[in-house]
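The values are calculated or read from the model by the stated rules, or taken from the named source; none is laboratory data. What you see is a predicted model; the values in this text were computed from it and never measured. Note: ideal-geometry Cβ built from the backbone for every residue, glycine included; neighbour counts use all protein chains shown. Just the protein is used for accessible areas: all its heavy atoms, side chains included, with ligands, DNA and RNA removed. Shrake-Rupley method; radii C 1.70, N 1.55, O 1.52, S 1.80 Å.
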Amino acid sequence: MTSREQILANVKANQPALHPLPEQFRFTSVFPDIVQQFMDILAFVGGKAERVSDYEAIKKHIQEYYPGMTNVATTIPELASLADTTLAVTDPHDLASLNLAIIEGQLAVAENGAIWLDERQLPQRVTPMITQYLAIVIRESTLVPNMHDAYQRITVNTTGFGTFLSGPSKTADIEQSLVIGAHGARSLIVYMLP
Amino acid sequence: MNQLNLDHATASAVFNKNEPRVDWHDETLWFVRAKRDRAAALIPEWEDLREAASQIKNHVLSNMHDLLVQFEENARKNGIHVHWAANADEHNDIVLGIIQKTGANRMVKSKSMLTEECHMNNFLTSHGIEVIDSDLGERIVQMRKEPPSHIVLPAIHLTRADVGETFHEHLGTEKGATDPQYLTEAARQHLRDTFLTRKVALTGVNFAIAETGGFVVCTNEGNADMGAHLADVHIAAMGFEKIIPRAEHLGVFLRLLARSATGQPITAFSSHFHKPRPGQEMHLIIVDNGRSRQLGRTEFRNSLKCIRCAACMNTCPVYRRSGGHSYHSAVAGPIGSILAPNLDMKLNADLPFASTLCGSCSNVCPVKIDIHDQLYKWRQVLMREGYGTTGKGAAMKAMATVLESPRLYRMAGKIGRGVLRFSPAVAENRFNPWFNQREMPAPPSESFRDWYVKNKKS
Ligand code: SF4
């Protein structure tokens, strides 16, 4: 018998009688102001939200916020003038010197500040981790209240990889004191378009 | 000093020698517990969520065979190589085989309690493979040649000064540096170089989705992603109980996991892997290592519902005051004390006794495992199987007789209060491990029952 057969046989012999799945496992979250809720939580997890009217406003903000920044890349055609390098590389190691990545988010979750990204937003999966700084552009219309709503909207396997990203990378492994910028991006700005 | 060869009571005594440090450890973990409470309180449906998570996991346990088969089939369709390991040795051999096939002699790894359980690092090192742990806490303890003391916060037993010392020695940071920002930056630089140069990366698995054949890995640091997305070969290792039926069930688990663990609304990265990226190889190892046996133990099978949030450790009065290393097991604390005797009853017979049975663990557990009941039940099994110490055997027998008879119980209480008042040395002696490092409280002059009878208005 292979280990596979052995394990499956033991599991079958030892598992209890079938217990049905619960019917109630999706819940509704109600927020008085879903945009404000998202912005507050994003701040709580170490990110920053900016409500902007159009791409021109984003450009202006980035130029002021990261003056003189080089090694900037974006997947958003409207912001192409900010970029001096590309995310469309075949070897992810080529992104090692990336300073700022500006990408689009597919959907955002108000309860926890998470933004869903899959390979349609990420030409290389490592982009939001390997870049020193990260900016994500979302539409306010994509905001959903909670994770149950999020999983109703997305299909996790449309592409080979997807992630819920909430705030910049962080660690509290040294005496529980929070440090932003562990192995992933050191900061996250989310631009919210109407 | 190696606490790992000692039983829990003895190792705790060692830990308790430094009183200010024990107080600090206790408070640090309680602080994490308090953050969990605040996060939970913000979710009005928290208790319903726990119930849903518990029911989904009950279903998983009862449908494990079919879910695993379904998962395997879908994962294969996604282009993932699926391996099965009956035990730790087989798991380690599979990992070694995959690494050797690539010709690499080093690997970067993100947090995986399963590989701790399998003692994989030592095994690989002995076969000439260098393994670097990339979670900051794990890297710290790895440099110190210690195991993690906590499943979510591996270096929680260390102060910033300890970390400063370790980094000074291994990373050349300034002597005496204690600023977490500075120390973390040093580790970031060191590990970034590691991520960029390793061809093989190993990650754990938080959830595996039967319906889609993919798996989810949660981190705050982004280290699992950095490793996996830069490596040519990604190996993911999971205990088979990580399976869930459908992606939408993640809504329940991801809402509970980080809130229960650290009080965060979700981890910074909840990454869903379904296919290797172009040109990459992806392997997934499904491990049993005693889990199918535990599944057959009616009283203890619920322990397999665990999502490893560590809330039961943070809240446990014994864990907080004895430290993770005193449990001499990869998973410490209340849940570890249920899992470990299944792996080795004799070696871990002391662990179910390392609890006050106060029930705080069961109250916080996001998947509603009856943790303290299981600890109590293990004690009975262990005594029955002859794994109790003699002292414990006699004491437990006396205790059982007393507890069975209300009259004896009242009498024992009276005598006990008398003894404590007039001769505390009977309890405060070195033969009573519960007294070590403790002062016995002043005994009340009357029992609750006496008080109740006197004050009851009939
Ligand atoms: S037993 Fe429950 S509380 Fe403890 S780690 Fe597992 S899921 Fe968390």
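Is it the case, given these coordinates, that B:Gly333 is over 30 Å from A:Leu122 (Cβ atoms) and within 13 Å of chain A (Cβ to nearest Cβ)? So B:Gly333 does not fit the description; no. Taking (1) buried (at least 19 other Cβ atoms within 10 Å of the Cβ); (2) within 21 Å of the chain's Cα centre (by Cα); (3) free of Cβ contacts under 8 Å to residues at least 12 places away in the same chain in turn, B:Gln55 satisfies each apart from (2). Taking the numbered list (1) within 11 Å of another protein chain (Cβ to nearest Cβ); (2) in a helix (DSSP H, G or I) in turn, B:Val82 passes all entries but (2).
Filtered by the rule that a residue be out of contact with any strand residue (DSSP E or B) (no Cβ under 6 Å at 6 or more places or on another chain) and under 12 Å from A:Gly184 (Cα atoms), region B:196-225 gives a lone residue, B:Asn223.
Listed by position, the helices (runs of 4 or more DSSP H) contained in region B:329-431 that have at least 2 residues being closer than 30 Å to B:Ala88 by Cβ and at pLDDT 90 or above are B:333-343, B:360-364, B:371-384.
Screening B:Gly323, B:Gly239, B:Gly251, B:Gly296 for residues that are open to solvent by less than 10 Å² (accessible area, probe 1.4 Å), at negative phi and away from the ligand (no atom under 16 Å from the Cβ) leaves exactly one candidate, B:Gly251.
Within region B:335-351, identify whether any single residue is farther than 26 Å from B:Asp89 by Cβ and within 14 Å of the ligand (Cβ to nearest atom), and answer yes or no. Looking for residues that are farther than 26 Å from B:Asp89 by Cβ and within 14 Å of the ligand (Cβ to nearest atom), one finds none in region B:335-351, hence no.
Against the numbered list (1) open to solvent by 10 Å² or more (accessible area, probe 1.4 Å); (2) at negative phi; (3) of a type in the set (Lys, Arg), B:Lys305 comes up short only at (1). Contact map, region B:280-307: first residue assigned to a loop (DSSP other than H, G, I, E, B), second residue basic (Lys, Arg) and open to solvent by 10 Å² or more (accessible area, probe 1.4 Å), Cβ cut-off under 6 Å, separation 6 or more or different chains; pairs are B:Glu299/B:Lys377. Output yes when any residue across region A:92-102 is more than 20 Å from the chain's Cα centre (by Cα) and crowded, with 17+ Cβ neighbours inside 10 Å, and no when none is. Scanning region A:92-102 turns up no residue that is more than 20 Å from the chain's Cα centre (by Cα) and crowded, with 17+ Cβ neighbours inside 10 Å.
Comparison of A:Thr131, A:Thr127 shows that the only residue that is open to solvent by less than 10 Å² (accessible area, probe 1.4 Å), within 9 Å of another protein chain (Cβ to nearest Cβ) and free of Cβ contacts under 8 Å to residues at least 60 places away in the same chain is A:Thr127.
Scanning region B:85-114 for residues that are open to solvent by less than 20 Å² (accessible area, probe 1.4 Å) and part of a strand (DSSP E or B), we see that the one that is farthest from B:Glu221 (Cα to Cα) is B:Ala85. Regarding B:Gly176, is this residue farther than 28 Å from B:Ser322 by Cβ, more than 16 Å from the ligand (Cβ to nearest atom) and part of a loop (DSSP other than H, G, I, E, B)? So B:Gly176 fits the description; yes.
Of all the criteria given as (1) in a helix (DSSP H, G or I); (2) open to solvent by less than 10 Å² (accessible area, probe 1.4 Å); (3) more than 8 Å from chain A (Cβ to nearest Cβ); (4) modelled with pLDDT under 95, the one not satisfied by B:Gly137 is (3). Residues considered: B:Thr212, B:Thr203, B:Thr197, B:Thr159. Of these, the only one that is surrounded by fewer than 17 Cβ atoms within 10 Å (Cβ to Cβ) and under 30 Å from B:Gly97 (Cα atoms) is B:Thr197.
Counting the residues of region B:229-255 that are over 23 Å from the mean Cα position of the chain (by Cα), closer than 24 Å to B:Ser62 by Cβ and part of a strand (DSSP E or B) gives 0. Among the residues making up region B:299-312, those that are within 14 Å of the ligand (Cβ to nearest atom) and within 14 Å of chain A (Cβ to nearest Cβ) are B:Phe300, B:Arg301, B:Asn302, B:Ser303, B:Leu304, B:Lys305, B:Ala310. Selection of region A:16-32 for residues being open to solvent by 40 Å² or more (accessible area, probe 1.4 Å) and either facing chain B (nearest Cβ under 7 Å) or farther than 15 Å from A:His148 by Cβ (or both) yields A:Ala17, A:Leu18, A:His19, A:Pro20, A:Leu21, A:Gln24, A:Arg26, A:Pro32.
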